[in-house]
1. Could you figure out which of (1) free of Cβ contacts under 8 Å to residues at least 12 places away in the same chain; (2) open to solvent by 40 Å² or more (accessible area, probe 1.4 Å) isn't true of residue 476?
2. Does residue 533 satisfy the condition of being of a type in the set (D, E, K, R), open to solvent by 20 Å² or more (accessible area, probe 1.4 Å), at pLDDT 95 or above and under 25 Å from the mean Cα position of the chain (by Cα)?
3. Among the listed residues 143, 184, 152, which satisfies the condition of being modelled with pLDDT of 95 or more and in contact with a Ser or Thr (Cβ under 6 Å, 6 or more places away or on another chain)?
4. Kindly provide the set of residues from the stretch 189-241 that are in a loop (DSSP other than H, G, I, E, B), hydroxyl-bearing (Ser, Thr, Tyr) and touching a strand residue (DSSP E or B) at 6+ places or on another chain (Cβ under 9 Å), ordered by number.
5. Does any residue of the stretch 577-584 turn out to be open to solvent by less than 20 Å² (accessible area, probe 1.4 Å) and polar (S, T, N, Q)?
6. Within the bounds of the stretch 199-209, is there any residue that is touching a helix residue (DSSP H, G or I) at 6+ places or on another chain (Cβ under 7 Å) and either among the aromatic types (Phe, Trp, Tyr) or under 19 Å from residue 119 (Cβ atoms) (or both)?
7. Filter the stretch 462-494 for residues that are among the small types (Gly, Ala, Ser) and closer than 14 Å to residue 508 by Cβ and give the result.
8. On the basis of being outside any loop (DSSP other than H, G, I, E, B), out of contact with any Leu (no Cβ under 7 Å at 6 or more places or on another chain) and not aliphatic (A, V, I, L, M), does residue 497 make the cut?
Amino acid sequence: MKLNIIKIAGVGIFLFSLFACTESSQSGKFIYDSDSNLINPDDSEETAGDSDSDSDSDSDSDSDSDVTGGDTDTYPGYDSDNPNLTPGGSNNEERKDRLTCYYHTIEESDTTFKGEIVVGNGNTDYVWNGDVFTIYSVEFTTTSKITSAKTTTFTPITYTHPDSKTVQFDFGWMSVFPQNNLVTFEVEGTKSGQYPYPVRCLPNYIRGDVVYPEYQKLPITWWKGKVDVKESDLIKNPDDYYKEKADPITESIFVYHPPHNTQIYIGLPEAPMEDHFNDNPAGDELIVSSYTDIQMFMPSKLLAMGIGFSYQWFKFNPNYFLALGTKENFSCGLIPKATWAGGYPVTIDGKDYSWNYTLSPDGPFQQETGNFIDMAAFFPDYFPPGASHDNYTNITDPTNEYDPKWASSVVSSALSSVVTRETLWAGLDYLYGDAKPGTVTPVYNGDMYFDLVFNAKDPWAELSAVTFAYNRGIYSLCPTGFFNDMSVTLSVDSVGDEFGLNGVGDHVPQINGMVWNMNQAVDHLYDTDLTYEDIVAFFTAIRFIYQRAMTDDKWSAMLDDIKVAYDLLASHWGGGHVSFRYDFLTLLRVAEAHLPAPTNVRPASQAWKDRITGFTCN
């Protein structure tokens, strides 16, 4: 059954208030915020409102946090009885994570007007999600007819009227806006109708209609800096919070419907794993890199916490990274010593194994330098200028579980797959839109990738596509015919079988098989004790993400709140440690309230624009 879900493009909306967009579906009510984040339909409890979502992470009461219905943008009043009133003022100047975009009138007559539009980046210092803006165009509502648009240096600005109430300005090569970069241009028009002047500036960022789910937040009784924290401030329902019985994860690579709101499920199935997708012609055991007796394991607490972070921040299935690491470099897979003796010896529950981890600068997930360079260029918020591949990925001693690169490598790998997803979503929307494949005219409201995520018969379709691209390169999907006819892609039982998405060494079917087995392994879930020193070590390892966005004082205030929460949660276990499975998401949510929103920033740079506007599957 197809899910009937509303999409909202990743755009900033100014002047008029942004209201919640909802639509009933067979799966409940799906709600999206202004950055296309899906609000969990099952999460109806009141949650902490002080998530400090303003872009500079200060402690003011701007709690709209980019969630549905929270935008408080205002606009100058317009008198419907006097539509010739000249508007003034700029569009929500305080939202520094949005494109500066405003109009004012220079001169006018009874029938014509001449005005000035300013578009660009007004920030003079670094702002999270606002350091660079990359757009296709901007749109204004107007019932007038625009007759001219040019910059102050007489460079023409292309404009069109998509409908009787909209004018769209396309900036072409001028559509990447770093700090303190504004374009001013003059427009002339013939007055007509209710909106004779351009109003409601709507930037069309270079991004697809990408959807990320929103997970449960902390109870509303918790807030930043609270000292006398009680259990009820962190835990709504203790019986559910500490519930041992677990339900399987039902999704493949991204989790839209978590099986539990506060726990992290990482399955460690006992070997041999089941060949659920029938890829082994000789038996019922799953084959992984020629072995049928691989035992999944977690080599590092820092890796586990990095996986938990990637789950909360980017919505990845935690089991995906164990599968990816095992296939790429045996990072999370052991071979019984009786089958093969070599590598690093590991003993678990009295059983001897061999760990065939291969030393490589590309690390546990084999993220290559070129991929890292592209990712850092597309997401300048996540990586400081000059970020070097090896400093995030190269583990020189895998037996040192406290090497910070166990954490940074999985976050970097997660962002690599986010880039793949964002590229396919935006690139296919740009290339095809609602038109048939092969159309060369760009259309910006396409549904191809959205349908792949939510409407494909094969629930493993997105995992197969993203994993194949991770293994073979993003453009390798094109010659498979995967996007040639979406009616076929959406209707087949297995997109991997239909389009030959195997990858090198059966990369895709083996990862799919491992993820399925780990999803089912609810009686063998990973857990470990985490000390406060472990928690601090993790946040130190991922400090690079917020190096520019968080001052040391703000970072320390975050750690102080984490320590208060940690001590309370540790008391349940007798003190001295918390549980990874039961408690780590709660600590992440304490941290998230201090960190700038959104967690899923817009890709933005000249390199990003070049990739999407140059995307081709021909």
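The values are calculated or read from the model by the stated rules, or taken from the named source; none is laboratory data. In this text, all values refer to a predicted model and were calculated from it rather than measured experimentally. Here Cβ is always computed from backbone atoms with ideal geometry, including for glycine, and neighbour counts include all displayed protein chains. What goes into the accessible areas is simple: the full protein's heavy atoms, side chains included, and nothing from ligands, DNA or RNA. Shrake-Rupley method; radii C 1.70, N 1.55, O 1.52, S 1.80 Å.
1. So residue 476 meets the others, but not (2).
2. Details: of a type in the set (D, E, K, R): yes; open to solvent by 20 Å² or more (accessible area, probe 1.4 Å): yes; at pLDDT 95 or above: yes; under 25 Å from the mean Cα position of the chain (by Cα): no.
Here the answer is no, as residue 533 does not meet what is asked.
3. Details: 184 fails: modelled with pLDDT of 95 or more; 152 fails: modelled with pLDDT of 95 or more.
So the residue among 143, 184, 152 that is modelled with pLDDT of 95 or more and in contact with a Ser or Thr (Cβ under 6 Å, 6 or more places away or on another chain) is 143.
4. Keep residues of the stretch 189-241 that are in a loop (DSSP other than H, G, I, E, B), which gives 191-198, 206-211, 215-218, 220-230, 235-237.
If we keep only those that are hydroxyl-bearing (Ser, Thr, Tyr) as well, we get 192, 195, 197, 215, 221.
Those that are in a loop (DSSP other than H, G, I, E, B), hydroxyl-bearing (Ser, Thr, Tyr) and touching a strand residue (DSSP E or B) at 6+ places or on another chain (Cβ under 9 Å): 192, 195, 197.
5. Within the stretch 577-584, one or more residues are open to solvent by less than 20 Å² (accessible area, probe 1.4 Å) and polar (S, T, N, Q).
6. Within the stretch 199-209, one or more residues are touching a helix residue (DSSP H, G or I) at 6+ places or on another chain (Cβ under 7 Å) and either among the aromatic types (Phe, Trp, Tyr) or under 19 Å from residue 119 (Cβ atoms) (or both).
7. Taking the stretch 462-494 as the starting set, the residues that turn out to be among the small types (Gly, Ala, Ser) are 464-465, 469, 473, 476, 481, 487, 491, 494.
Those that are among the small types (Gly, Ala, Ser) and closer than 14 Å to residue 508 by Cβ: 464, 465, 469, 473, 476, 494.
8. yes
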